[in-house]
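Below is one structure; the comments refer to it alone.
Please treat every number below as a calculation from the coordinates, not as lab data. Remember, it's a predicted structure, so these values are computed and weren't measured experimentally. Using ideal geometry, Cβ is built from the backbone for each residue, glycine included, and neighbour counts are taken over all protein chains shown.
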2 protein chains.
Amino acid sequence: MRVLILGGDGYLGWPTALRLSSQGYEVAVVDNYMRRNIMREENVEPLYRVPNLHERVHLWKEHSRKEIFVHIGDLRQWDFLARVFDEFQPQVIVHYAEQPSAPYSMLRREASLLTIENNLTVTSNVIFAMREFCPDAHLIKLGTMGEYGTPNIDIEEGWINIKHNERQQKFLYPRQAGSLYHTTKIMDTDLLWFYVRTWGMRVTDLMQGPVYGLFTEETVVSDNLLTLFSYDELFGTVINRFIVQAVAGYPLSVYGKGGQTRGYLNIKDTVSCVQLSIENPADEGELRIFNQFTETFSVSELAEKVLRVGKDLGIEVVVKKIENPRQELEEHYYKPVHTGLLELGLSPHYLSDGVLEEMMKFVLLYKKDIDRHKIFRGTKWS
Amino acid sequence: MRVLILGGDGYLGWPTALRLSSQGYEVAVVDNYMRRNIMREENVEPLYRVPNLHERVHLWKEHSRKEIFVHIGDLRQWDFLARVFDEFQPQVIVHYAEQPSAPYSMLRREASLLTIENNLTVTSNVIFAMREFCPDAHLIKLGTMGEYGTPNIDIEEGWINIKHNERQQKFLYPRQAGSLYHTTKIMDTDLLWFYVRTWGMRVTDLMQGPVYGLFTEETVVSDNLLTLFSYDELFGTVINRFIVQAVAGYPLSVYGKGGQTRGYLNIKDTVSCVQLSIENPADEGELRIFNQFTETFSVSELAEKVLRVGKDLGIEVVVKKIENPRQELEEHYYKPVHTGLLELGLSPHYLSDGVLEEMMKFVLLYKKDIDRHKIFRGTKWS
């Protein structure tokens, strides 16, 4: 089966490509290095050097004897996108090709507009390319749990049945996100839902929580196959960032009260969730939504975990509460359903002390490369 | 008070400008003639020639001694937009500057992408310009009743309180629209709601139903001050189109069963609703939503009305049911609340036979100019 991975150079795109390639799928990856370019422009860098996609695919072939096809180009350009779809004739499209940083999307007008324009143009182009070249293909789109925000009622898995004045209607669960980036994901969902209803597309929208971790089964075989790992405020997810801050002796920055609670998952589970979604496709005319995370933590709980594991390794970790630069509830109700992927067979990798210790030991190898000035930026929402 | 009208050349923008100018507001209009350009490209033309904005403003000044400032340019271009905001320092912004045709947005990929890109870029630019140049100004944004679609429960005025598992939360009323154009209006609302919460903007989002009519108090004084009037499938709203079809002896095209029900309003009420919204501004940090229509009709009911009024004028009108080229429910529940604007003091102009007769008599003057080939196109949704 032919799987096209859009955004195949990224933190999640690359491990997804290797998982699917190792499982016998015919895989092509597309990327325009937007993430790497933005990182350079904003003076943040990954923890360790990551070879370019051509180099990585070459190394993967040496290791696995399996070929991954690489297309470098901008999916906002229809001619490029159409050529890729026409040549590869994908049966599954995994769409990670979006500007993925919430703080970046709040930096300034140009960054906001880039996020809107890139994310929506690519999603729109993908919809039209599927219609033209592979109308029966299955689109797996990465959404985010952040679309839901932190409502005062239970968060259902994508849909909610509303009873009102003695009548009822099933709706997309109402969404209100905490950043411009997350808002573009809501817009993606709006767009997909319209074309699912109108053109009968098959779509799985994965509402993913913040991902952590360094290793998947396939990337761990060589340092040069590891995925892009960020520890800066713009692109580093919170657990990854805390691990690096701990190793660098940089206080863990907890915004405000630290009661902000989210659903987290290990990068190993991300690739499994995508694989499970491919193996169990959405129906024609179905927008299937899964809440993709395995357990919930508050920021303070995460800081305490990292502090405890650091102590066991002889690292003194300091937690520092700072004024919250974001607009968000610091204490709130949070009860999201997440049964869909478990029912498909997901076996979660939970956030044990052992997992944190393994990450911390690895990051210790790169301690001298951590640039403390790149960690914190204090991007303000207001 | 300084009011900036974005999209001031359009069917609604122009009468709004004249109303506010006549009422003593200091008015500036902005347009890039996108609507006129698209019409020409798609080989549809208005019923009668409409002078350009500079010419119309000149005529208005001769008539009223009041000046309206004109800026011709593309609001997607930040430099242009910023200059207009910086110079005029608006206290109110009325935002009509969007690609407004649902069928056009469904024509082809380029038209769809233009609709997404224009509508969202302009809204985003307006948000950032307000923040930079007039953070306390009041934005009045034209949304559409079409954002709600046709749910099986009562449509509330923008917001709904959801009780779920013994807890509750107020949400934006869930939206699912019937065209790509309407979907971009949902995205506009998503975007505005995010920045209202984050930056404390003042926004009124007017969920307007299809507008009909030719005359407002101010435009009726001279043929050259009349607003752009379309009768083609792309830009003609249904009642206006039916009137022209009746006069031209062209069967009224009812899609499918004709039970599609919407909330309609007279163009006179549109300008009053905008004026009322200006006089009663939204609070800081408030996204205020009004459902802007005065009465509901099914398409079949509208066709019958036009048929009856035609008969009185000695015109034989034929109603023709045709296969529905759109994806929509042809019979459905429809009960939307619309009390907000009435409470502000709106005195509706209802769709009487007299109103239809006045329109029909006026259109009869232009009977020889109606191009029957421009009426129907059958733009398919699927």
Handout entry: Among beta bridges that DSSP assigns inside the protein assembly as shown, antiparallel share in %, nearest 5
Key = 20
Practice task
Treating only the Cβ atoms of Lys and Arg (+1) and Asp and Glu (-1) as charged, compute the dipole magnitude of chain B about its Cα centre; round to the nearest 20 debye.
Solution key: 740
Exercise for the section: Would you tell me the mean number of C-beta atoms belonging to other protein chains that fall within 10 Å of each C-beta in B:172-180, as a whole number? Expected result: 5
Problem - Label point 7 Å beyond Cα along the C-beta direction, distances from A:E41 to other copies (nm, shortest first) - result: 2.7
Practice task
Starting from the exponent 0.38 and prefactor 2.2 Å, build the expected Rg for the stretch B:118-223 from its residue count and divide its actual Cα Rg by it.
Solution key: 1.29
Problem - Neighbour-count order for B:F80, B:F242, fewest beta carbons within 10 angstrom listed first - result: B:F80, B:F242
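What is the average number of partner chain Cβ atoms found within 10 Å of a Cβ in A:10-22? Don't skip to the answer; put the middle values down first.
Numbers: counts 0, 0, 0, 0, 0, 0, 0, 0, 0, 0, 0, 0, 0.
Mean inter-chain Cβ contacts per residue within 10 Å come to 0.
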Practice task
Using only alpha carbons, build the gyration tensor for the stretch A:34-114 and give me the equivalent ellipsoid semi-axes, biggest first, whole Å.
Solution key: 27, 20, 10
Fill in the blank from the handout: Quick calc: nm separation of the 7 Å Cα→Cβ label points for A:E279 and B:L329 -> 3.9
Completion exercise
Across all Cα atoms of chain B, Rg and the largest Cα-Cα distance (Dmax), in Å, are 20.1, 64
Practice task
Take the Cα atoms of the stretch B:266-342, build their convex hull, and give its volume per residue in Å³.
Solution key: 152
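Tell me what chain B gives for mean residue ellipticity at 222 nm when only DSSP H runs of n ≥ 4 count, each as -39,500 (n - 2.57), the sum divided by the residue total, rounded to 500 deg cm²/dmol.
Here the helix-only value at 222 nm equals -12000 deg cm²/dmol.
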Exercise for the section: Over 18 Å, how big is the tail of the calculated P(r) for the stretch A:202-316, in percent of all Cα pairs? Expected result: 60
Fill in the blank from the handout: Check: C-alpha center the stretch B:304-348 vs C-alpha center the stretch A:222-259, spacing in Å is 58
Fill in the blank from the handout: Between B:N37 and A:K361, the FRET efficiency computed from the C-beta separation at R0 = 60 Å comes out, to the nearest 0.05, as 0.45
Practice task
Please list the radius of gyration and Dmax for the stretch A:326-371, considering alpha-carbon atoms only, with Å as the unit.
Solution key: 17.2, 44
Handout entry: Set B:K185/B:K320; A:K335/B:K163; A:K268/A:K305 screened for pairs whose C-alpha atoms are more than 24 Å apart
Key = B:K185/B:K320
Problem - Karplus-derived HN-Hα couplings along the stretch B:122-135 (A = 6.51, B = -1.76, C = 1.60, θ = phi - 60°), whole Hz, x at Gly and Pro - result: 5, 4, 4, 4, 4, 4, 6, 5, 4, 4, 7, 10, 7, x
Fill in the blank from the handout: Rg/Rh over Cα atoms for the stretch A:1-40, Kirkwood Rh, comes to 1.05
Handout entry: Least to most buried among A:E55, A:E286 (fewest other Cβ within 10 Å first)
Key = A:E55, A:E286
Exercise for the section: Mind giving me the FRET efficiency for A:R65 and A:R109? R0 is 60 Å, r the Cβ-Cβ distance, nearest 0.05 is fine. Expected result: 0.80
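What is the Å³ per residue value for the convex hull set by the Cα atoms of the stretch B:23-178?
183
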Completion exercise
Amide H neighbours of A:F69 at under 5 Å, excluding residues fewer than 5 places away on the same chain, with H built from the backbone geometry, are A:V27, A:A28, A:V29
Fill in the blank from the handout: With one decimal in nm and the nearest listed first, the spacings from A:Y366 to its own position in the other copies, using label points 7 Å along Cα-to-Cβ, are 6.6
Problem - A:K163 versus B:K380: modelled label distance in nm, points set 7 Å from Cα along the beta carbon direction - result: 4.3
Practice task
Kindly provide log₁₀ I(q)/I(0) values, in the same order as q = 0.13, 0.23 Å⁻¹, from the Debye equation applied to equal alpha-carbon scatterers of the stretch B:75-139.
Solution key: -0.40, -0.89
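Given Cα pairs under 8 Å that are at least 6 residues apart, what percent is the relative contact order of chain A? Walk me through the numbers on the way to the answer.
Values: 746 pairs, mean separation 75.0, N = 382.
It comes to 20 percent, rounded to a whole number.
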Exercise for the section: List the distances, in nm and shortest first, from the label point of B:D283 to the matching label points in every other copy, placing each point 7 Å from Cα along the Cα-to-Cβ direction. Expected result: 4.6
Fill in the blank from the handout: Listed with the fewest Cβ neighbours within 10 Å leading, A:I127, A:I186 appear as A:I127, A:I186
Completion exercise
Projected onto the charge dipole of chain B (unit charges on the beta-carbon of Lys, Arg, Asp and Glu, signs +1, +1, -1, -1), the Cα from B:L346, B:L206, B:L307 with the largest positive-side position is that of B:L307
Handout entry: Computed P(r) (all Cα pairs; the protein assembly as shown; 10 Å bins; percent)
Key = 3, 13, 23, 24, 18, 11, 6, 2, 0, 0
Handout entry: Relative frequency of Cα-Cα separations exceeding 18 Å in the stretch A:198-246, percent
Key = 51
Practice task
Place a +1 charge on the Cβ of each Lys and Arg in the stretch B:30-131 and a -1 charge on the Cβ of each Asp and Glu, then give the dipole magnitude about the Cα centre in debye, rounded to the nearest 20.
Solution key: 200
Fill in the blank from the handout: Under the Karplus relation with 6.51, -1.76 and 1.60 and θ = phi - 60°, whole-Hz ³J(HN,Hα) for the stretch B:365-372, x at Gly and Pro, equal 5, 10, 3, 5, 8, 6, 9, 4
